[in-house]
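Participant: One structure, as structure tokens, below. Some questions next.
The values are calculated or read from the model by the stated rules, or taken from the named source; none is laboratory data. Quantities reported herein were computed from a predicted structural model and do not represent experimental measurements. Quick reminder, even Gly has a Cβ in these numbers, built from the backbone with ideal geometry, and neighbours come from all protein chains shown. Heads up: the accessible areas ignore ligands, DNA and RNA and are worked out on the full protein's heavy atoms, side chains in. Shrake-Rupley method; radii C 1.70, N 1.55, O 1.52, S 1.80 Å.
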Amino acid sequence: MKYDFDTPVDRRNTNSLKWDVAENELPMWVADMDFKTAPAVSDAIKKRAEHGVFGYTIIPDEWYEAYISHWQTRHNFTIQKDWLIFSTGVIPTISSVVRKLTTPAEKVVLQTPVYNIFFNSVLNNGRVVLQNFLKYDKSGVSIDFEDLEEKLSDPQTSLMILCNPHNPVGRIWSRDELFRIGELCRKYNVVVLSDEIHCDITDPGKDYVPFASVSDDCRGNCVVCVAPTKAFNIAGLQTSAVFIPNPTLRHKVWRALNTDEVAEPNAFAVDAAIAAFTKGGDWLDEFREYIYQNKLFAADFIARELPETTLIPSEATYLLWLKINSDASTAAKNIRAKTGLYLSSGSPFGGDGDSFLRINIACPRKTLIDGLNRLKNAREFL
């Protein structure tokens, strides 16, 4: 490989949310990878820093072009320039959209288990969560469409938050599945807010389907959140975008983001995004291959050493969803106490998350081996 993903980076004492743990602990929980970002991104940040003046920043044409080119080249979807709006992050965008497109006590559909902060964006704003539980069988994870239609048909339901690809189960939703979601949401006048932040972290040979690309129903009834932050490990730079093909929806979201003051970039946010999408492609491909090999290694280890657990097949993200036979919150605490391995309990993710642990494998192979061995040493809690 041209790029080094094997050498550990010491992240202790760097004000890292992930690594602010005891010396003997190994954090494999929050979706924050332990690799340096693409050299092209670092170079862009260094160049910007060398200028020495960090005043208010505007959005140049190059920023729009970077998003448009990346989605056209990598995802075979054309984003129009006027669809795009800068935002400081996907979660600030989701919270703003919840406030703008719904009213207090209205209902928002989540397909659970799902990224736990979605619950915060809904509940903290006085709205109600409706959970559409995902189904599991031998073939993997699927959508309960009968239940979904029931939830969407509720007159109080006004928004659905879609996770595409899905965190934590790692599913890439198919074009047919997305078509059915779009059809149902249009039928019941429910807007789709699609979080597509993990779209670039798919297994080699696997492509995600942009929700807006599927049909007229999808395109005309969606707000789509995208960003380079997960794929290039630059979440701390607070840079993302939202694109909305429907001009009426777009105006509402533009007003929401500006009213909430989350539509202005910091001095590094624009340059980092441009560099990631225009010069980071080779790095991204090698990163995806490395994560895929980590997945294969973890799957083999778990099948061999922890056969009583079930690893849900994953096509995307660097997060693994592990079904256990005990309460997840208790198991996570006990595993951390005994071995220092810090995992995410599935309980806050809703649905049947109480039976799952989430493991972040975006780390050097050496670190992954350490984490898996710690998990094995705590197998009595699984």
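Participant: Holding the Cα-Cα limit at 31 Å, pick out from LYS81/LYS206; LYS138/LYS376; LYS151/LYS333 the pairs that are longer than that.
Facilitator: LYS151/LYS333
Participant: How large is the Rg to Rh ratio of the range 248-320 when both quantities use alpha carbon positions and Rh follows Kirkwood?
Facilitator: So for the range 248-320, dividing Rg by the Kirkwood Rh gives 1.22.
Participant: Considering the Cα positions of the range 59-173, please state its Rg to one decimal place and its Dmax as a whole number of Å.
Facilitator: Final numbers for Rg and Dmax: 16.4, 48 Å.
Participant: Something else: As an exercise, find the ratio Rg/Rh for the range 173-293 from alpha-carbon atoms, using the Kirkwood inverse-distance average for Rh.
Facilitator: Ratio of gyration radius to Kirkwood radius: 1.00.
Participant: If you don't mind, another one. Say a site is exposed when it is one of the GluC sites (Glu not before Pro), sits in a DSSP loop, and has at most 12 other Cβ atoms within 10 Å; what is then the longest site-free stretch of the chain?
Facilitator: In short, 24-260.
Participant: Shifting gears a bit: In Å, what Rg and Dmax follow from the Cα atoms of the chain?
Facilitator: That works out to 20.3, 57 Å for Rg and Dmax.
Participant: So if I place +1 on the C-beta of Lys and Arg and -1 on the C-beta of Asp and Glu, and nothing else carries charge, what would the dipole magnitude of the chain be about its Cα centre? I want it in debye, nearest 20.
Facilitator: That gives a dipole near 380 debye.
Participant: State log₁₀ I(q)/I(0) for the range 332-382 at q = 0.28 Å⁻¹ as given by the Debye formula over alpha-carbon point scatterers of equal weight, solvent excluded.
Facilitator: Ignoring solvent entirely, the Cα scatterers give -1.10.
Participant: Further question: If you build the Cα gyration tensor of the range 152-222 and take the root of 5 times each eigenvalue, what three semi-axes come out, in whole angstrom, biggest first?
Facilitator: Whole-Å semi-axes of the equivalent ellipsoid: 23, 12, 9.
Participant: Report, to the nearest whole %, how much of the accessible area of the range 196-243 belongs to carbon and sulfur atoms, 1.4 Å probe, protein only.
Facilitator: Roughly 39 percent of what the probe reaches on the range 196-243 is carbon or sulfur.
Participant: Rounded to the nearest percent, how much of the accessible area of the range 76-153 (1.4 Å probe, protein heavy atoms only) is carbon and sulfur?
Facilitator: 48 percent
Participant: Can you return the lysines within cross-link range of LYS2? Criterion is Cα-Cα under 19 Å, with same-chain partners fewer than 8 residues away left out.
Facilitator: Reachable lysines: LYS36, LYS279, LYS366.
Participant: Dividing the Cα convex hull volume of the range 117-157 by residue count, how many Å³ per residue is that?
Facilitator: Considering the Cα atoms of the range 117-157, their hull volume per residue is 60 Å³.
Participant: Could you look at the range 252-328 and say what percent of its accessible area is carbon and sulfur, using a 1.4 Å probe and all protein chains?
Facilitator: C and S atoms contribute 50 percent here.
Participant: Need one number: nm distance between label points at PHE54 and SER42, each 7 Å from Cα along Cα→Cβ, rounded to one decimal.
Facilitator: 1.9 nm
Participant: Taking only protein heavy atoms into account and a 1.4 Å probe, give the accessible area per residue of the range 1-154 in Å².
Facilitator: Ligands and nucleic acids excluded, the result is 53 Å² per residue.
Participant: Sorted from largest down, what three extents in whole angstroms do the Cα atoms of the range 126-244 have along their principal axes?
Facilitator: Over the range 126-244, Cα extents along the principal axes are 40, 36, 30 Å.
Participant: Also, quick follow-up: Excluding VAL242 itself, what net charge comes from residues whose Cβ is under 13 Å from its Cβ, given Lys and Arg +1 and Asp and Glu -1?
Facilitator: 0
Participant: Can you divide the C-alpha Rg of the range 1-115 by 2.2 N^0.38 Å and report the result to two decimal places?
Facilitator: 1.45
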